[in-house]
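Some notes on the structure that comes next.
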Amino acid sequence: MRENLSKKASAAGQGENPDGVDAVAISARNIVKTYTIGREGKPMLVLDDVSLDVRRGEFLAIIGPSGSGKTTLLRIIASLESADSGQVIAQGRPVTQPSAERAMVFQHFGLFPWKNIIDNVKFPLKIRGVKDAEATAIARDQLRRVGLKPQFEQSHPHQLSGGMQQRVGLARALATDADVLLMDEPFGALDAQTREVLQGDLARVCAQTSKTVILVTHDIDEAVLLADRILVLTAGPGRVGEIVDVDLPRPRWEYDVRAHPKYPEVRRHVWDLLRSHITEDGANDGD
Amino acid sequence: MQTPPSQAASLRPDAVTAEAALVPSPVAGRPPGSVLRASWWQLALRRWWPPAVFGLAALILWELISQSINPLLFAAPSRTVEAFGELILSGELLDALIVTLSYLVPGLLISVVLGIALGIFMGRSVTWGTLLQPYLDAIYALPRVAIIPLVILWFGVGYEARIFIIVLGSVVPIAMSTSAGVRYTSVKLLEAARSFQATELQIIRHVVIPSSIPFIISGLRIGTERALVGAVIAEVFLSLTGLGGIIQTEAERFNAPYVIAAALVYALLGGLSMTALGAIERRIAAWKAA
Amino acid sequence: MTATDTKRLRRFNTARTLRQSPMWAKHLTLGLGLIALWELSSLFLDPIVLPPFHSVVVAFFVLLFNGSLIAALGQSLLLLVLGLAAALVTGLVVGIIVGRVSIVERMVVPFLGALYAMPTIALIPLMLVWFGFGLGGRVVVVWLVAFFPMLVAVHAGVRDAPRDLTEVARSFGVRREITLLRTVILPSALPMILNGLRLSVGRGIVGMVIAEVYLRLGGIGGLISEYGAVFRTDYVIAAIASLPALGLLLAAGVEYLERRVRHWRR
Ligand SMILES: Nc1ncnc2c1ncn2[C@@H]1O[C@H](COP(=O)(O)OP(=O)(O)OP(=O)(O)O)[C@@H](O)[C@H]1O
Ligand SMILES: [Mg+2]
């Protein structure tokens, strides 16, 4: 596990992909998306020619001002939304419909209130036709992995705290055995302390399972803490502003990342990028 | 709005869910298109062509089928329009409508007054509310047709009997819905009113009634619908008068087009009253928001 | 509390004990009071107009033990169950289609409100003429009055199924509409559907009795008309009493289902 980790860290950190195309888990090519409100409303450009590559096992954070199209981009990558032009490619093949190969973790948790916890986690497996006993075993494993106590298996979502519900959401995504996890502000609905604990757990789980992760977030600290690279989207229309390498040693849950000498530097850099876009956006609004 | 917790078993719909069921969906309610650019008739066209097409297709299909079997028995739309025109021209339909309204409207008014009063009483007094609930539930669950023999013994087959049938059906849903609304009046508002030494009557007038209006209106919806049903029952089963009289006599003669023509007037009455209640509700909502 | 108040309370001791007694005692008192009132007023009235309470009770047991009540109830229930089952199935199928196919929804919804508000009762004579006076025609009557509440409830439930949850299902690879219905849409619409079922049961009973009374044959409705025609009011009331009982029993059944379904709710 350790070797695996360090290999991954070096591949991500130095941006080398010795395996060529194979090392790219998912990539978006020239994504353009406009929304039209109503049939004759003025089309609004939301994403303007966005391209990105995510390497296998990499943790990519997408950050940007509100309304810059982060959610839209992630939904297009998940194929929950279609782009006007451009392509999403996973494992060398164009993506045309949603699939459990790219498992989503939702900001609103997305648990089925009428199913108990274990059945929620089993859901993607049952959809795929996995036998019940096997699905239960897998779901139990994943619930344990995300740190949910077994006594909650039979509870219903409303009986759990927000933090616990999102652990279930994470367990369900992990249960799919997908290589890619897509997360849209997964901790956005949680309080600060819970968020911090879950961030730590997410980092650990992702490292252990060597998933490729795309995380949309508002929170610069969260991005710096978790990500190998941070993609900064510019505001309206969303374009790729810059991709920032986070060159902090891993595994990061083993030390206080915020105390690392490089941390303020990275944080400041991302913040400067964001701020310039926010003010630019304000200037655009003027005319 | 909160959903009232379910009490004892009852046949009445849970007011809020029933309401939600009839709120037009976004698809039907808001046609696509920007309000600024399309003119009103374009919007109207966009909204109304699907139901128009559907309605027309249904009518044509019905016409074809009934023509091929028995246009009179199966009330071919063309025959129904004919019958409708005939009933209007002879004045028979208008007379019948006036007769029907002559007990429908008073019956409904009595139900509204009694129902709201009873509902407020049951909502303000927990004990009486709980005590009377099973009786109201029983009356609500009692099909009025079943008590026709009793009504005839008690009130005869005339005007009083018809009023009784209508009121018996409509009071209960209005009372139940009102009392639910009264019970869900915000405790904070009640406390505020009490802190100003408001009397019970003042509290009812200024706090309880205004905040229960959505519930009262949802009770009125059910009450009105049941009043219409009551009128039909009274006309068909007590003595043949009004619109129901036409329905029954023509049904006995197998004159389906005439039956449908009279039934259509009932449908129209139902649609009109629901529209009116919806308009009242919107006005009150607007006035509340202001 | 003033001194006179206290004195009054002490004097009307029974009133105070009543006020402080448990709810079941109050129910019992009110019930017994009403029965006493009934017995008392029947002393002054013709038994055809108002038979005393006890003779209604006797009539009820006579009907129960000579088997005619059970037989009538059986016929009525058969009619009701057939009609409601038909309403449930057609309501589900049509409601799902209307709720899920947007063009159909736009075509049909403007008519729904009108059809819902329309007193379908007015069409009952016609239905019996069209579909015959046998069981078939009567089932159509029950179906007719029970169908629209069902349709409206299913449509609303399906339409309002939370979009974020259908999206969750899609993101985990649910593609077929039928799977989506089974896994997300119907479970989330179930409370609404049951509420519609409750409404349909109420209306269905009305339709059932109307069909029976209209034809003066079969079931509880037939029993009532039969005794009404010979002015045995005690038997009429005894037969009538079984109807709210039937209605409330069925409502309790639906309520039970609702509770089972809602256990995941707060
Ligand atoms: N379904 C839709 N129809 C019309 N416009 C939409 C739709 N979804 C998003 N938009 C618009 O697209 C833009 C980008 O939205 P998006 O939700 O992707 O932003 P975001 O970066 O995720 O914002 P936030 O940080 O606030 O979540 C917004 O201006 C939004 O109004
Ligand atoms: Mg977003």
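Annotations for the structure displayed:
- Screening the candidates A:Leu226, A:Leu182, A:Leu231, A:Leu190 for the property of being touching a strand residue (DSSP E or B) at 6+ places or on another chain (Cβ under 8 Å), within 16 Å of ligand 2 (Cβ to nearest atom), more than 14 Å from chain C (Cβ to nearest Cβ) and open to solvent by less than 50 Å² (accessible area, probe 1.4 Å) yields one hit, A:Leu231.
- So A:Ser51, is it within 16 Å of ligand 1 (Cβ to nearest atom) and either within 12 Å of chain C (Cβ to nearest Cβ) or over 20 Å from C:Val168 (Cα atoms) (or both): no
- Residue check for A:Leu174: more than 16 Å from ligand 1 (Cβ to nearest atom), open to solvent by 10 Å² or more (accessible area, probe 1.4 Å), part of a helix (DSSP H, G or I) and within 14 Å of another protein chain (Cβ to nearest Cβ): no
- Taking the listed residues A:Ala83, A:Ala90, the one that is under 28 Å from A:Leu225 (Cβ atoms), more than 16 Å from ligand 2 (Cβ to nearest atom), surrounded by 15 or more Cβ atoms within 10 Å (Cβ to Cβ) and over 14 Å from the mean Cα position of the chain (by Cα) is A:Ala90, with no other qualifying.
- Failed condition for A:Leu160, given (1) within 16 Å of ligand 2 (Cβ to nearest atom); (2) surrounded by 17 or more Cβ atoms within 10 Å (Cβ to Cβ): (1)
- No other residue among C:Val58, C:Val158, C:Val108 is of a type in the set (Val, Ile, Thr) and free of Cβ contacts under 8 Å to residues at least 40 places away in the same chain apart from C:Val108.
- Helices (runs of 4 or more DSSP H) lying entirely in segment C:48-144 (those with 3 or more residues that are more than 28 Å from B:Thr80 (Cα to Cα) and within 12 Å of another protein chain (Cβ to nearest Cβ)): C:68-100
- Yes/no for C:Arg175 being outside any helix (DSSP H, G or I) and either within 22 Å of C:Leu84 (Cα to Cα) or out of contact with any helix residue (DSSP H, G or I) (no Cβ under 9 Å at 6 or more places or on another chain) (or both): yes
- The number of residues in segment A:36-57 that are within 18 Å of A:Leu233 (Cα to Cα) and either under 20 Å from the mean Cα position of the chain (by Cα) or surrounded by 15 or more Cβ atoms within 10 Å (Cβ to Cβ) (or both) comes to 10.
- Verdict on A:Pro124 being open to solvent by less than 20 Å² (accessible area, probe 1.4 Å), within 15 Å of C:Val168 (Cα to Cα) and away from ligand 1 (no atom under 16 Å from the Cβ): yes
- Any hit, segment B:195-203, residues being open to solvent by 20 Å² or more (accessible area, probe 1.4 Å), touching a residue at least 24 places away in the same chain (Cβ under 8 Å) and more than 10 Å from every other protein chain (Cβ to nearest Cβ): yes
- Taken over segment C:145-172, residues that are within 16 Å of A:Ala100 (Cα to Cα), more than 7 Å from every other protein chain (Cβ to nearest Cβ) and part of a loop (DSSP other than H, G, I, E, B) amount to 0.
- Out of B:Ser239, B:Ser212, sole residue that is within 29 Å of C:Ile210 (Cβ to Cβ), away from chain C (no Cβ under 14 Å) and hydroxyl-bearing (Ser, Thr, Tyr): B:Ser239
- Note on segment B:70-177: enclosed helices (runs of 4 or more DSSP H) holding 1 or more residues that are open to solvent by 20 Å² or more (accessible area, probe 1.4 Å) and under 30 Å from C:Thr29 (Cβ atoms) are B:92-124, B:126-141, B:148-155.
- Members of segment A:94-112 found to be facing another protein chain (nearest Cβ under 7 Å) and farther than 16 Å from A:Ser27 by Cα, listed by number: A:Ala100, A:Met104, A:Phe106, A:His108, A:Gly110, A:Phe112
- Pairs meeting the criteria (first residue in segment A:179-208 and away from ligand 1 (no atom under 16 Å from the Cβ), second residue of a type in the set (Asp, Glu), beta carbons under 7 Å, at least 6 apart or on different chains) are A:Asp179/A:Glu101; A:Val180/A:Glu101; A:Gln199/A:Glu222.
- So A:Leu60, is it closer than 25 Å to A:Asp245 by Cα, near ligand 1 (Cβ under 9 Å from one of its atoms) and touching a Lys or Arg at 6+ places or on another chain (Cβ under 7 Å): no
- Of all residues in segment B:46-69 being loosely packed, with under 15 Cβ neighbours inside 10 Å and over 29 Å from the mean Cα position of the chain (by Cα), the one that is nearest to the other protein chains (Cβ to nearest Cβ): B:Ile69
- Segment C:168-179, residues that are more than 13 Å from A:Lys126 (Cα to Cα) and surrounded by fewer than 18 Cβ atoms within 10 Å (Cβ to Cβ): C:Arg175, C:Arg176, C:Glu177, C:Ile178
- Yes/no for A:Leu174 being in contact with a Lys or Arg (Cβ under 7 Å, 6 or more places away or on another chain), modelled with pLDDT of 90 or more, within 25 Å of A:Ala137 (Cα to Cα) and of a type in the set (A, V, I, L, M, F, W, C): yes
- Tabulated pairs, segment C:225-253, first over 18 Å from C:Glu39 (Cα atoms) and free of Cβ contacts under 8 Å to residues at least 40 places away in the same chain, second outside any helix (DSSP H, G or I) and open to solvent by 40 Å² or more (accessible area, probe 1.4 Å), C-beta under 7 angstrom, 6+ apart or interchain: C:Ser225/C:Arg216
- Residue match in segment B:174-181 (condition: within 15 Å of B:Val229 (Cβ to Cβ) and touching a residue at least 24 places away in the same chain (Cβ under 8 Å)): yes
Here's the yes/no breakdown for (1) within 15 Å of ligand 1 (Cβ to nearest atom); (2) out of contact with any Ser or Thr (no Cβ under 8 Å at 6 or more places or on another chain); (3) open to solvent by 10 Å² or more (accessible area, probe 1.4 Å):
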site: A:Thr71; (1), (2), (3): yes, yes, yes
site: A:Val95; (1), (2), (3): no, no, yes
site: A:Lys115; (1), (2), (3): no, yes, yes
site: A:Leu143; (1), (2), (3): no, yes, no
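- Condition check for C:Val81: touching a residue at least 40 places away in the same chain (Cβ under 8 Å) and open to solvent by 40 Å² or more (accessible area, probe 1.4 Å): no
- Single unsatisfied condition, C:Leu215 versus (1) more than 9 Å from chain B (Cβ to nearest Cβ); (2) open to solvent by less than 10 Å² (accessible area, probe 1.4 Å); (3) out of contact with any helix residue (DSSP H, G or I) (no Cβ under 6 Å at 6 or more places or on another chain): (2)
- Scanning segment B:82-111 for residues that are of a type in the set (Val, Ile, Thr) and at pLDDT 95 or above gives B:Ile98, B:Val99, B:Thr100, B:Val105, B:Ile110.
The values are calculated or read from the model by the stated rules, or taken from the named source; none is laboratory data. Since this is a predicted model, take the numbers as computed values, not measurements. Neighbour counts are summed over all protein chains in view; Cβ atoms, including those assigned to glycine, are modelled from backbone coordinates with ideal geometry. All accessible areas refer to the heavy atoms of the entire protein, side chains included, with ligands and DNA or RNA removed. Shrake-Rupley method; radii C 1.70, N 1.55, O 1.52, S 1.80 Å.
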